[in-house]
Amino acid sequence: MHVVERATAASLVSRVIVATDDERILAVVKQHGGEALMTSATAQSGTDRIAEVAAQLDAEIIVNVQGDEPLIEPATIDAAIAPLLENPDIHIATTSEPITSLDDVFNPNVVKVVSDAQGFALYFSRSPIPYLRPSAEEMLEQWLMKDAALLQHYRKHSGLYAYRNEFLQTFTKWPMGRLERLESLEQLRVLENGYRLRVVAVAHRSTGVDTAADYQAVKQLIEEMNHG
């Protein structure tokens, strides 16, 4: 419901629907006055669930905000939508944020992205990209520990997407790509099929809930904000 509230607060969003395959989530959303739709158990991913619901909607642009991002900034959601409103040739956009921790550079759960001069993704990886080639025989980790300013070369992929509905329906019908399978990163399917993916740099750092420890940390942050 925190995610629903934040998505509703985004100025470019006109309707918020929770797409889920879990009756418990459906019940909670409806209990709190939100809109939720059940999707088929055959949906392989969150994107498949979104596409299933989007196929029933008369909406040109669909935004996929993941349900594990209770602290996402409404402005970040708007930032992902803006390129599609500005340029009819852009089919899909996402956001990236600063990496300020050495651990995040080497954490495979933190997806890194590198973009071209126009802001389109060149590649996404669980590995440290770009690989900063250290001088002499020094290891990358040692080099980054010595000079924290080097962290500015890394960007974290936020995992938020805005699609044109037509493109979303096409995307979900493509077979899984080789690189997508190797890295277990769905967005690589876009690049492997020759499409450009616009990456908007935002300053706000998101905090996803992937583990029990993340849940406790985010719960504390929300309680502090509510009492602040």
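Computed from the coordinates by the stated procedures, all read-outs in this text should not be read as laboratory data. These numbers were taken from a predicted model, which means no experiment stands behind them. Backbone-built Cβ (ideal geometry, glycine too); neighbour counts: all protein chains shown.
Calculated mean residue ellipticity, 222 nm, the chain: -10500 deg cm²/dmol, from DSSP H runs (n ≥ 4) at -39500 (n - 2.57) each, averaged per residue and rounded to 500. Since only 188, 45, 165 are under comparison, the one whose Cα sits farthest along the positive direction of the charge dipole of segment 34-191, derived from C-beta charges on Lys, Arg, Asp and Glu, is 188.
For mean projected area of the Cα convex hull in nm², computed directly from the structure shown, the correct entry in [x] 11.2; [y] 12.2; [z] 14.4 is [z]. Once the Cα-Cα distance is subtracted from the 0.36 nm per residue extended length, the residue 27 to residue 101 segment shows a gain of 22.8 nm. Residue by residue, segment 113-126 carries 3J(HN,Hα) couplings of 9, 10, 10, 8, 5, 8, x, 9, 5, 8, 6, 10, 8, 7 Hz when phi is fed to the Karplus relation 6.51 cos²θ - 1.76 cosθ + 1.60 (θ = phi - 60°); x denotes Gly or Pro. The string of couplings for segment 179-195 from the Karplus curve (6.51, -1.76, 1.60, θ = phi - 60°) is 5, 4, 5, 5, 8, 6, 10, 4, 5, 5, 4, 4, 5, 5, 9, x, 9 Hz, one whole number per residue in order, with x for Gly and Pro. Place a point 7 Å from the Cα of residue 12 along the Cα-to-Cβ direction; which residues of segment 79-103 have their backbone N under 14 Å from it? Those under the cut-off are 79-96.
In a reduced charge model with +1 at each Lys and Arg Cβ and -1 at each Asp and Glu Cβ, the chain shows a dipole moment near 320 debye about its Cα centre. Amide H contacts of residue 158 (H built 1.01 Å from N, in plane; Pro and chain starts excluded): 95, 96, 97 sit under 5 Å, all sequence-distant by 5 or more or on other chains. With R₀ fixed at 35 Å, the C-beta to C-beta distance from residue 212 to residue 86 puts the FRET efficiency at about 0.30.
Rounded to the nearest 20, the size of the Cβ-charge dipole of segment 31-86 about its Cα centre is 180 debye, with Lys and Arg at +1 and Asp and Glu at -1. Around the Cα centre of segment 146-204, unit charges on the Cβ atoms of Lys, Arg, Asp and Glu (plus for the first two, minus for the last two) sum to a dipole of about 80 debye. If you plug the beta carbon distance of residue 41 and residue 223 into 1/(1 + (r/R0)^6) with R0 = 45 Å, you get a FRET efficiency near 0.80. Couplings 3J(HN,Hα) for segment 206-212, derived from phi with the Karplus relation 6.51 cos²θ - 1.76 cosθ + 1.60 (θ = phi - 60°), are 7, 10, x, 9, 10, 9, 4 Hz, where x marks Gly and Pro.
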